[in-house]
Amino acid sequence: MVCLEKSLFPAALMQILARTHTDADCSETIVCHCLQVSESTLADAIAVCGLASVREVCRETGAGGGCTACHARLREMLRHTRQTEPAY
Ligand code: FES
């Protein structure tokens, strides 16, 4: 997987994601309520950047940086992504 250089994150990533995930989209499922990070934003960040841990997700998106109640869901999303990645 080719990913943007890590030094560009999270500012560059969040600018990219902000263009596709606006506040106007009320149908978004919010995973991290403390930081208001949606499921689609997280799925894109995990896939595009190859994030592999809750710590990386927190660092790149901010999700999980509050009460930690969403960490189980973040782990579930990471596990699901690993299981659906094609083997090379
Ligand atoms: S819900 Fe994600 S840190 Fe609180």
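Overview of values
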read-out	value
Some residue of the range 60-75 being crowded, with 19+ Cβ neighbours inside 10 Å and without any contact (Cβ under 8 Å) to a residue 24 or more places away in the chain	no
Verdict on residue 37 being under 10 Å from the mean Cα position of the chain (by Cα) and at pLDDT below 95	no
Matching residues, the range 49-87, being under 19 Å from residue 30 (Cβ atoms) and aliphatic (A, V, I, L, M)	51, 54, 57, 63, 69, 72, 74, 77, 78
Test result for residue 78, within 10 Å of the ligand (Cβ to nearest atom), in a helix (DSSP H, G or I) and crowded, with 16+ Cβ neighbours inside 10 Å	no
Of all residues in the range 23-73 being part of a loop (DSSP other than H, G, I, E, B) and of a type in the set (Ser, Thr, Tyr), the one that is nearest to the ligand (Cβ to nearest atom)	68
Residue check, residue 45 of a type in the set (Gly, Ala, Ser) and either closer than 15 Å to residue 30 by Cβ or surrounded by 14 or more Cβ atoms within 10 Å (Cβ to Cβ) (or both)	yes
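The values are calculated or read from the model by the stated rules, or taken from the named source; none is laboratory data. Just so it is clear, the structure is predicted and the values come from calculations on it, not from any experiment. Methodologically, a virtual Cβ is constructed for each residue, glycine included, from the backbone with ideal geometry; neighbour enumeration extends over all protein chains shown.
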